[in-house]
Amino acid sequence: MKLRNPWTKLPRKPPFILPSDHAAIAAFNKHAPRKFKIVEHLLPVSYLGKPDAPILLLNLNPGYNPEDEYRQTSKRFVEVSKRVLMHDEKKSPFYFLDARIEGADDDIGPGTRW
């Protein structure tokens, strides 16, 4: 059975929260300490790699760093992120290490530190 891609329902502008998750996230964020709140203004990074891979590794790696404000908002990063979420990025599904979004020193991508 092929699952439907839930990210096709993601809003085109912030808050980037799926409608089906909005109430639960709003309730969580209302009472969560600031460092644990779910960030709503950046695109979600829900997975890396091919969505149809035969093996999936589940990692506990959520997080936010103030550097995400510029690392994950460059035009190239946003464009590739959206294509990955829609399963339209065939060339580089592991996009955090893709040279196309790492760019120049003034446009550093999030994979730079990896």
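General observations
- Which listed residue, of Leu57, Leu43, is out of contact with any strand residue (DSSP E or B) (no Cβ under 9 Å at 6 or more places or on another chain), at pLDDT below 85, under 21 Å from Lys91 (Cα atoms) and part of a loop (DSSP other than H, G, I, E, B): Leu57
- Residues satisfying the criterion are absent from region 59-68 (criterion: under 12 Å from the mean Cα position of the chain (by Cα) and of a type in the set (A, V, I, L, M)).
- Candidates are the residues of region 16-40 that are part of a loop (DSSP other than H, G, I, E, B) and out of contact with any helix residue (DSSP H, G or I) (no Cβ under 8 Å at 6 or more places or on another chain); the one that is surrounded by the most Cβ atoms within 10 Å (Cβ to Cβ) is Phe16.
The values are calculated or read from the model by the stated rules, or taken from the named source; none is laboratory data. Note that this is a predicted model, so its numbers are computed, not measured. Neighbour counts run over all protein chains shown; Cβ positions are idealised from the backbone, glycine included.
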